[in-house]
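Every number here is computed from the coordinates shown, using simple stated rules; none is lab data. Source: prediction; values computed, not measured. Ideal geometry is used to build each Cβ from the backbone, glycine not excepted, and the neighbour counts take in all protein chains shown.
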Number of protein chains: 2
Amino acid sequence: MTQRPIVGIVGAGQLARMTQQAAIPLGVDLCVLAESPEDSAAQVIPGVFLGDYRSLDDLRRFAKNADVITFDHELPDPEHLAALAHEGRLLRPSPLSKRFAQDKSHQRRMLALRGFAVPPFADVTEVGQVEAFADANGWPVVLKAPRGGYDGRGVHVVADAAQAHEALALSDGPLLVEAKVPLARELAVLVARRPAGRAVAWPVTETVQVDGILRELVVPAPIGPARRDEALRLGARIAEAIELAGVMAVELFDTGDRLLINELACRPHNSGHWTIDASATSQFSNHLRAVLDWPLGDTTPLAAAIVTVNVLGRADGSDPADGLTAALSDPAVAVHLYGKEARPGRKLGHVTALGDDADEVRERARAAAAALGEPLDEEMP
Amino acid sequence: MTQRPIVGIVGAGQLARMTQQAAIPLGVDLCVLAESPEDSAAQVIPGVFLGDYRSLDDLRRFAKNADVITFDHELPDPEHLAALAHEGRLLRPSPLSKRFAQDKSHQRRMLALRGFAVPPFADVTEVGQVEAFADANGWPVVLKAPRGGYDGRGVHVVADAAQAHEALALSDGPLLVEAKVPLARELAVLVARRPAGRAVAWPVTETVQVDGILRELVVPAPIGPARRDEALRLGARIAEAIELAGVMAVELFDTGDRLLINELACRPHNSGHWTIDASATSQFSNHLRAVLDWPLGDTTPLAAAIVTVNVLGRADGSDPADGLTAALSDPAVAVHLYGKEARPGRKLGHVTALGDDADEVRERARAAAAALGEPLDEEMP
């Protein structure tokens, strides 16, 4: 009997959990490096290795069980990943392309060097540097931790020198300062690329963020064909430039005039969750296919209008599972719960609706998400 | 934190395996009663209980871990299921409705009693009874084991008394004799029903069998609206009559003039495998929702033409996984491998293609299935 391929995932959050849905039909065995047997992915995957992703020894012990190693998050130490690769482990994406996503300062520099349009930026350690940057680019500015931030954590919009001082005081290293560019909307491009080079992209997605947290996806993004093609070209060029193996999400600022690259993630990404229910091939399936160097699947959407709304923990700490039957009472909404402990503002699931009419689809997705978690502000566009 | 519901599945074959894909987004924990850790479902579900479904003690120990018990197959002893229910375990479907599917002779009698159209049938233990039946209904006749048969096993088409004698000699109990009715085609109706009563059905499916084994599904079945509505009505009436809780498949003979009920299965069924990739809600998701008495999901198909082809083990015993990258080279085909040991003629997976043109879709599904397993006879319709 042919040995089933084993894909090891560092981290056991909801991305690894959703990858299991794609691994089952492909006959791929997953194993996850989890911190606890109650981690989101550890609940649904038999191959659980308990350990600490911050420990090179744990990474080493974990990696020797897998044919290829990939990632649930951006947090492993780049030095550790380089060591694993040096010892002969197959990491996809590679440590080099992974570093693009891990270090926002490195990412900005490398993208700018290669001629990609990014917002004005600088590395700063003291208030004077922030002030000089703001003199040139205007207040407010955005201060970001180059590593480890997600869902708005580690990101501060500061209006003056005093606020900048506070943000720097809280940080344990240099920060990245960026111009706060005026936005028409935010977009995301999702690309899957095989090591050998062939790449596919899904339709461009509008991402709606509130307080730095992604709340809603709209597919296709309501943009013209020229902007759409520009976004897809950018995604393809970056995938090529970083020699991507796997799935990558490029988050873009659409200023109305042009596209600037905000961030990229070298893994399946929240902006692609709609692909599970509404694309011929999901981002998780194509991620597995890409890291195994297998042919990639079709990325055609299955409906004219698709909306995904994230389920965020309510302020009262209630469990989204309590609202599950209410959410399922709309028969056409696909509900995804992550099995995570409820905490206010935490991403605990998402819902996807698809159909012919964008407004109706949005309404249904928002209603189902509100049955499960914190409702979206009614004044949202 | 809300306790996650635990659904126990007796059996750990491919149906339980595919149920895991549906359990993950719903936040439902599965546990399976498996014979081996290498069983198809045991490879992908953390909750594995090793035991023998023929042992009441094992069933008892298994059942006490789950909130509700359901089934991967028709084989458990009806007395054991009655005992579990008597001891307060929640079985869905109930032992009574399960018995409809488990005992073909009982099924025929009960359906005929309630006025449903079935082929002429009788219970027989000796050749003389078969001859008398054939005198009234003509040769050939079909002899079936009332229990335990599947994929053509336990079913004999016999042309004369000598062949009937052989079949009876091989059997360890009474057989069911049936008229071999002339067919235009075979159809299947798939229904999900909640204990409280609400039911949904998927579009009627044409099932193409070769030597008693299901090879291909065509959705929607190429039949007129009157025949389609008749089939759906039959499915709804039977679900009601047996007080179904879960998913049920009704296999139908379409004689050209009318529909006769062939068999029914009280569980997700091969005839519904297309729903994973091509329906708003899969049969596995609605089975879980039904046995948990949760609202059922929408059964709308996601394309105008859908074809699923089963992957059967080749005569040379080769593993379908060897042909996986070849099958995936058609980006629009969804491939499902079951992780089972390859044996000639064994169901090892399936592929589904969807699109606008039925002929093109069939061609692609057949080509991908042929890359994985035994090709379909080219002369098939």
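Computed from the C-beta positions of A:ASP57 and A:ARG228, the FRET efficiency with R₀ = 45 Å rounds to 0.45. With a Förster radius of 35 Å applied to the beta-carbon distance between A:ASP123 and A:GLN3, the computed FRET efficiency rounds to 0.15.
Projecting 7 Å from Cα along the Cα-to-Cβ direction, the label point of A:LEU50 sits 2.1 nm from its equivalents in the other copies, listed shortest first.
Estimated from helical segments only, the mean residue ellipticity of chain A at 222 nm is -9000 deg cm²/dmol, where each DSSP H run of four or more residues counts as -39500 (n - 2.57). Note: chain A, Cα convex hull, 147 Å³ per residue.
Cβ crowding within 10 Å, taken as a proxy for footprinting-reagent exposure, orders B:ASP330, B:ASP172, B:ASP39, B:ASP377 from fewest neighbours to most as B:ASP172, B:ASP377, B:ASP330, B:ASP39. Measuring spread by the Cα atoms of the stretch B:53-161 yields a radius of gyration and Dmax of 17.4, 53 Å. Comparing A:SER40, A:SER97, A:SER171 in a Gaussian network model of chain A (Cα springs below 10 Å), the most mobile by mean-square fluctuation is A:SER171. First check a/c for the stretch A:162-300, with a ≥ b ≥ c the square roots of the eigenvalues of its C-alpha gyration tensor; if it is under 1.5, answer rounded, and if not, answer prolate when a/b is larger than b/c or oblate otherwise. Since a/c reaches 1.5 and a/b is larger than b/c, the shape of the stretch A:162-300 is classed as prolate. In the protein assembly as shown, the convex hull through the Cα atoms has an average projected area of 33.6 nm², a quarter of its surface area. Considering chain A as a Gaussian network with a 10 Å cut-off on Cα pairs, which listed residue, A:LEU296, A:LEU264, A:LEU33, attains the greatest mean-square fluctuation? The residue with the greatest mean-square fluctuation here is A:LEU296. A simple spin-label model places the labels of B:ALA136 and B:ASP211 3.3 nm from each other, with each point 7 Å out along Cα-to-Cβ.
If you wrap the Cα atoms of the stretch B:270-381 in a convex hull and average its projected area over all directions, you get 7.6 nm². How high is the relative contact order of chain A, in percent, counting Cα pairs under 8 Å that sit 6 or more residues apart? Computed over chain A, the figure is 13 percent. Inter-label distance, B:GLU363 to B:VAL181: 3.5 nm, where each label sits 7 Å from its Cα along the C-beta direction. Per residue, the Cα convex hull of the stretch B:1-66 amounts to 69 Å³. Normalising the Debye intensity of the stretch B:301-344 to I(0), with uniform scatterers on Cα atoms only, and taking log10 at q = 0.16, 0.18, 0.27 Å⁻¹ returns -0.51, -0.62, -1.07. Normalised by the number of residues in the stretch B:43-190, the average gap of Cα pairs under 8 Å and 6 or more apart makes the relative contact order 20 percent.
Distance between the C-alpha centres of the stretch B:346-372 and the stretch A:87-142: 47 Å, rounded to the whole angstrom.
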